[in-house]
Ligand SMILES: CC(C)(COP(=O)(O)OP(=O)(O)OC[C@H]1O[C@@H](n2cnc3c(N)ncnc32)[C@H](O)[C@@H]1OP(=O)(O)O)[C@@H](O)C(=O)NCCC(=O)NCCS
């Protein structure tokens, strides 16, 4: 299994995973394309096995703050530990003592359970944040040396 930066050629796999993972409100093509442009502040990673893209994680990075802005595992491969593997790789990559923020739908229990298991804590609520009127829970984790939970 390889965790690597996404290439332009990964777009169609990422777009398909996005549509299956978020059927009611997938990101439009243009937003995914923009997030896939790797830069000093933008990163998009994929998890690959053989020639198959199993998932992706998009994040922003400014100074010692990171934000996971999009993250999904291929629908047919969810609940097999791949989301945890991607988070492990991602947390290994970012600087120690940096913060990781993310927003998650209040009713997205699988994702919330995953993040809580990694030491993310709820730090706020954005009311009616999503287009369907659902609230977002804002979560934060500080990465310590050797990924110790804080
Ligand atoms: C959220 C997501 C990335 C998790 O990836 P995954 O590969 O399915 O997760 P894992 O198999 O690594 O599971 C890790 C933990 O998450 C939780 N979890 C994952 N799927 C779950 C489910 N359907 N129900 C309950 N808990 C679940 C469990 O706590 C699990 O730990 P356990 O094995 O000790 O029970 C994946 O389900 C997904 O792509 N969902 C759709 C897109 C999405 O919601 N992205 C997050 C947006 S913030």
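A short reminder: the numbers here are calculations on the coordinates, not readings from a lab. Predicted model, so just to flag it, every value in this text is computed and none were measured.
Taken as Cα centroids, segment 13-50 and segment 82-97 sit 17 Å apart, rounded to the nearest whole angstrom.
For segment 58-140, the mean projected area of the C-alpha convex hull, equal to one quarter of the hull surface, is 5.7 nm². The helix-based estimate of mean residue ellipticity at 222 nm for the chain, built from -39,500 (n - 2.57) per DSSP H run of four or more residues and divided by its residue count, is -7500 deg cm²/dmol to the nearest 500. Across the chain, Cα-Cα pairs farther apart than 20 Å form 48% of the total. Given axes a ≥ b ≥ c from the Cα gyration tensor, I'd like to know whether segment 41-89 is rounded (a/c under 1.5), prolate (a/b larger than b/c) or oblate. Taking the square roots of the gyration eigenvalues as a ≥ b ≥ c, segment 41-89 is prolate.
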